[in-house]
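Data block below; observations after.
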Amino acid sequence: MNEILKKSASEQRKALLNKEISAVELSQAAFDRIDEVESKIEAFNCLTKDTAMQTAKKVDEKIAKGEELPILAGIPLALKDNMNLIGYPTTASSKILQNFVSPYNATVTEKLLNNLVPIVGKANLDEFAMGSSTENSAFKKTRNPWDLNKVPGGSSGGSAASVAACEVTLSLGSDTGGSIRLPGSFCGIIGMKPTYGRVSRYGLIAFASSLDQIGPFARCVEDAAMLLEVISGVDPKDSTSLDVPVEQYSKLLNIDIKGMKIGVIKELMGEGVSVDVQKAMQNAIDTYKTLGAEIQEISLPYLKHSIGVYYIIATAEASSNLARFDGVKYGYRTKDARSLIDMYTKTRAEAFGPEVKRRIMLGTYALSSGYYDAYYKKAQQLRALIKADFDKAFEKVDLLLSPTCPNTAFEFGSKTEDPLAMYLTDIATISANLAGIPGISVPAGFDTSGMPIGLQILAPQLQEAKLFNASYKFEQANDFCYKFASL
Ligand code: GLN
């Protein structure tokens, strides 16, 4: 492997500007690395070499002319395969979209291309982003670079594994209930979910529209902050995007956090949290104390309902969003249909996987007349209470801490037979989506078997700058980032 692939985006940028390497060579190095390790990792559904190389060439032309470069120009990136890149397949790792070619770019894609970021490939995910291990992909099992017998987390497993394996420097994922933070934690890298509405969802295949949010993966906090700067902002094509100026997060990382008030979420620290994860959390608390932050315990009494609430709201929205996949307009259509209804039914029966079907059924049931008030309405009421818990907490503290997951990455197959056990892996992450607040997973150590542990930090809406600031300080005070799995 070309050692430059192990460096941060800002170091790679320096090498580009100093002409130690060209952007074309840097992207080629990423493709060489993919050739080397992809048979082990299986992070990609497809490679998009033509667009990557075209973009890299443009970067080299700019450098040759001495023109100013956008901050991430030339830095190889992977896109989760539920975001559109014109002319290439967007499959959501589902058989139903296997042959679907994006007719337009997602807004994030457009922004990346405008910023001359070479898009190297489309990364594997759980089908329609439903899952916590990437085992629900219809196509392949992405493996965790730290232990090939273990899952990379999900649903953005391909995006996380590709960064952890140095196939790319950066990637984008989407997070509906933890799908960026969890794989970030399992793969030992940064995974960040912004405030709901901070990043446009236009061109992202919808799972649960009131929860979905696109965000960055990177190997250090500064890179994640730069990537969020590039993809954020209001978008006329997404009415839920926020018309609030985008801060230069990467310039606000090194602010002293002395006196910052940090709450430790009581409900996520005790029972069920593995001993190694508890130790890592204690180290995180000690780190912040040393940095001069004031630590206090915070209780979020409604948090215990978050998984139940999520699986009503997310499935209800998914059942509605996935109604469009009917064999008429997109992708797969059954070969033997005798009538229109028969065509719809067989198409969906043949091309959706078991988890997607389970969720469509659950969501349709929760929304059906007679049950709507009992389930969907109740879930919405509880969602408001969960949000109120956070509002109250953030009157007392600036940020909240917890593990990203009570455990580290698990073995393939160990939870596939028991959907509820799988759903529980998101206990710490889901409530941030219900409340619309930003959250990050930062590497916080390793368990006794050498698997990465993630520290989750949560902030009030639109306080991304503070979130990155505290994450950066934690990263700098420890030595957990830039550790590489040997492959
Ligand atoms: N694991 C959760 C689920 O299965 C969250 C997925 C996500 O954030 N996309 O729904």
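The values are calculated or read from the model by the stated rules, or taken from the named source; none is laboratory data. Being a predicted model, the structure only gives us computed values, none of them experimental. Ideal geometry is used to build each Cβ from the backbone, glycine not excepted, and the neighbour counts take in all protein chains shown. Heads up: the accessible areas ignore ligands, DNA and RNA and are worked out on the full protein's heavy atoms, side chains in. Shrake-Rupley method; radii C 1.70, N 1.55, O 1.52, S 1.80 Å.
Couple of notes before you dig in:
- Taken over the stretch 418-444, the criterion of being within 11 Å of the ligand (Cβ to nearest atom), within 16 Å of Pro460 (Cα to Cα) and not in a loop (DSSP other than H, G, I, E, B) is satisfied by Ile430, Ala432, Asn433.
- Subset of the stretch 96-136 [under 21 Å from Ala165 (Cβ atoms) and among the charged types (D, E, K, R)]: Lys122, Asp126, Glu135
- Residue in the stretch 76-86 that is away from the ligand (no atom under 16 Å from the Cβ) and either at pLDDT below 95 or open to solvent by 20 Å² or more (accessible area, probe 1.4 Å) (or both) present: yes
- The residue list Ser431, Ser449 contains one member that is of a type in the set (Ser, Thr, Tyr) and closer than 20 Å to Thr176 by Cβ, which is Ser431.
- For the stretch 356-414, the set of residues classified as in a loop (DSSP other than H, G, I, E, B), farther than 15 Å from Pro460 by Cα and touching a Pro at 6+ places or on another chain (Cβ under 9 Å) consists of Thr408, Ala409, listed by residue number.
- Residue check, Ser402 open to solvent by less than 20 Å² (accessible area, probe 1.4 Å), within 16 Å of the ligand (Cβ to nearest atom), at pLDDT 95 or above and touching a helix residue (DSSP H, G or I) at 6+ places or on another chain (Cβ under 8 Å): no
- Residue match in the stretch 214-223 (condition: within 13 Å of the ligand (Cβ to nearest atom) and modelled with pLDDT of 95 or more): yes
- Test for Pro301: is it over 26 Å from Gly203 (Cβ atoms), away from the ligand (no atom under 16 Å from the Cβ) and of a type outside the set (Gly, Ala, Ser): yes
- The one condition in (1) farther than 29 Å from Ser185 by Cα; (2) of a type outside the set (A, V, I, L, M, F, W, C); (3) touching a Gly at 6+ places or on another chain (Cβ under 9 Å); (4) assigned to a loop (DSSP other than H, G, I, E, B) that Ser320 fails to fulfil: (4)
- Residues in the stretch 292-342 that are open to solvent by less than 20 Å² (accessible area, probe 1.4 Å), among the aliphatic types (A, V, I, L, M) and over 17 Å from Phe100 (Cα atoms): Ala293, Ile298, Leu300, Leu303, Val309, Ile313, Ala314, Ala316, Ala318.
- Criterion: surrounded by fewer than 24 Cβ atoms within 10 Å (Cβ to Cβ), closer than 30 Å to Glu67 by Cβ and more than 15 Å from the chain's Cα centre (by Cα) - qualifying residue of Asn149, Asn115: Asn115
- Positions within the stretch 408-417 being out of contact with any strand residue (DSSP E or B) (no Cβ under 8 Å at 6 or more places or on another chain) and either of a type in the set (A, V, I, L, M) or away from the ligand (no atom under 14 Å from the Cβ) (or both), in sequence order: Gly413, Ser414, Glu417
- Residue within the stretch 123-137 that is surrounded by fewer than 24 Cβ atoms within 10 Å (Cβ to Cβ), closer than 19 Å to Gly413 by Cα, modelled with pLDDT of 95 or more and among the acidic types (Asp, Glu) present: yes
- Hey, Lys251 out of contact with any Phe, Trp or Tyr (no Cβ under 8 Å at 6 or more places or on another chain), free of Cβ contacts under 8 Å to residues at least 12 places away in the same chain, closer than 25 Å to Leu291 by Cβ and open to solvent by 10 Å² or more (accessible area, probe 1.4 Å) or not: yes
- Residue list for the stretch 25-49, restricted to those being open to solvent by 10 Å² or more (accessible area, probe 1.4 Å) and part of a loop (DSSP other than H, G, I, E, B): Glu42
- First in the stretch 158-177 and closer than 17 Å to Gly454 by Cα, second anywhere and aromatic (Phe, Trp, Tyr) and within 11 Å of the ligand (Cβ to nearest atom), Cβ under 6 Å, 6 or more apart: Gly177/Tyr310
- Screening the stretch 88-202 for helices (runs of 4 or more DSSP H) wholly inside it with 2 or more residues that are in contact with a helix residue (DSSP H, G or I) (Cβ under 7 Å, 6 or more places away or on another chain) and within 16 Å of the ligand (Cβ to nearest atom) returns the ranges 157-164, 181-187.
- Condition check for Ala52 on (1) part of a helix (DSSP H, G or I); (2) surrounded by fewer than 17 Cβ atoms within 10 Å (Cβ to Cβ); (3) touching a strand residue (DSSP E or B) at 6+ places or on another chain (Cβ under 8 Å); (4) not charged (D, E, K, R): one failure, at (2).
- If only residues of the stretch 304-338 that are among the basic types (Lys, Arg) and over 22 Å from Leu420 (Cβ atoms) are counted, the one that is modelled with the lowest pLDDT is Lys329.
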